[in-house]
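The values are calculated or read from the model by the stated rules, or taken from the named source; none is laboratory data. Predicted, not measured: the structure shown is a model, and the values here were computed from it. Note that each Cβ is placed from the backbone with ideal geometry, even for glycine, and that neighbours are counted across all protein chains shown.
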Amino acid sequence: MKNQIRYGKLKYVSFILLDLIALIGANVLAAHIYLDPNYKRYDFQDYSSIILYMAAIDLLVTTVFNTLDRVYRRSVRKEVIASGKHIVISFVLLAVVLFTTKAGADYSRVTVYLAYAFYFVFLVALHLCWKYLLKACSGKHDRPTALLMTTDRFVDEGLEELNKLNIDVRNIYLLKNLNKDAVNGIPTVRTWEEAAAVICWKWIDKVYIYGLDHQMVPGFLIKACKDMKLNFDLVDFNYRVIDVTTIQNEDPKYGALSFLEGKRDIPFPIRRVYWITETEADLHRGFHAHKLNCQLLYCPYGKIDIILDDGQQKTTVTLDKPGKGLILMPGLWREMVWQQSGSVLCVLASEYYDAQEYIRNYDEFIEYNKKYREGADSLKQTEKGFHS
Ligand code: T46
């Protein structure tokens, strides 16, 4: 709820007021229909005090159960479910309050049932109408708006890429936010809940993930975006050479220390670590591609050429110092050539070992890559994200 108020502000408050108006309207209608002025046992004056109980319970339920969560962008189905949940909880609480305070006998139960039935209908209808009206009044964006999800290592690159696509990045969700409130003047968010609130109340058109494996996107955020009918899109690269932070001691006898940090340097979950040792110069290994596995390669000792082939062109990256890393996304054919005997290759991998996930035949790789590219290109043309 804190995030809803923070990003929704007056828009969010307007929904609370709308709920109260719907509640009063539903009660007046129910009393009008059911409370017979000639029937002495109940009259509206007595009944009106129940509306106060209902209003208090309504506010309590909204606050405690966060039933207005993402109300601005809910689908009709979600709206019906959330409003139903709100009504059921409120009804149960009212029953508990009334019948434990013995006040229940003073009221017509049928009127209460009717009032809640009307309240449900009003709630759904008013929420839907109000959000369409608010959206119509807030106008269209000149450029598509986006939330960029990335790591602090790739944030500048990601912003540059989206800038090229003429996309207006409104917020950045840094996977590991080290107390950065903004990057290049664009505010950051710290949690998936905050990201979901921004997407909702700032009416973000799309979430872009840059330089991350999709496994790093929290499942709850994916679900929240689905509920808001919003797509994810990858602005991707095949590989990246990165500097590995290395602390060189002034006194050479203490050597150097290099380190990599999860979520900042390593843009995928680490499920496996392996290393290749006892090697001779001119050793050739590899000759395969991965369908799923993301990797980070580094060579803490020696010199190794990594020849990469994306099916169209080849590139060679030489790993020749501990302060150099190579991130490889899936779909790249690779060959490793040891330039110096004893060189050590270390690999951090996103997947457990699975022989089925390798492509070891080059023709098969070309075929696989062609299909993958065609899929990616058609997605770009239709501007539809592939993760949702
Ligand atoms: C890669 C490059 C850089 C396992 O049983 N578990 C493992 O985790 C790995 C990595 C390998 N193996 C077995 C499978 C083979 O029978 O070890 C044997 C040698 O593996 P492979 O021929 O795949 O080794 P490389 O050097 O060609 O490739 C390895 C990795 O497999 C690969 O993912 O990208 O290093």
Practice task
For residue 294, indicate whether it is more than 9 Å from the ligand (Cβ to nearest atom) and more than 29 Å from the chain's Cα centre (by Cα).
Solution key: no
Problem - Residue that is modelled with the highest pLDDT [pool: residues in the range 19-40 that are assigned to a loop (DSSP other than H, G, I, E, B) and not aromatic (Phe, Trp, Tyr)] - result: 35
Fill in the blank from the handout: Only one of 285, 334 is surrounded by 18 or more Cβ atoms within 10 Å (Cβ to Cβ) and either assigned to a loop (DSSP other than H, G, I, E, B) or not aliphatic (A, V, I, L, M) (or both), namely 334
Practice task
Within the range 180-224, work out how many residues are basic (Lys, Arg), within 15 Å of residue 168 (Cα to Cα) and not in a strand (DSSP E or B).
Solution key: 1
Exercise for the section: State yes or no: is residue 205 closer than 30 Å to residue 70 by Cα and touching a Pro at 6+ places or on another chain (Cβ under 6 Å)? Expected result: yes
Practice task
Read through the list (1) more than 23 Å from residue 268 (Cα to Cα); (2) within 12 Å of the ligand (Cβ to nearest atom), then give the number of the only condition that residue 346 fails.
Solution key: (1)
Problem - In the range 301-315, residue surrounded by the most Cβ atoms within 10 Å (Cβ to Cβ) [restricted to those that are more than 35 Å from the chain's Cα centre (by Cα) and more than 14 Å from the ligand (Cβ to nearest atom)] - result: 302
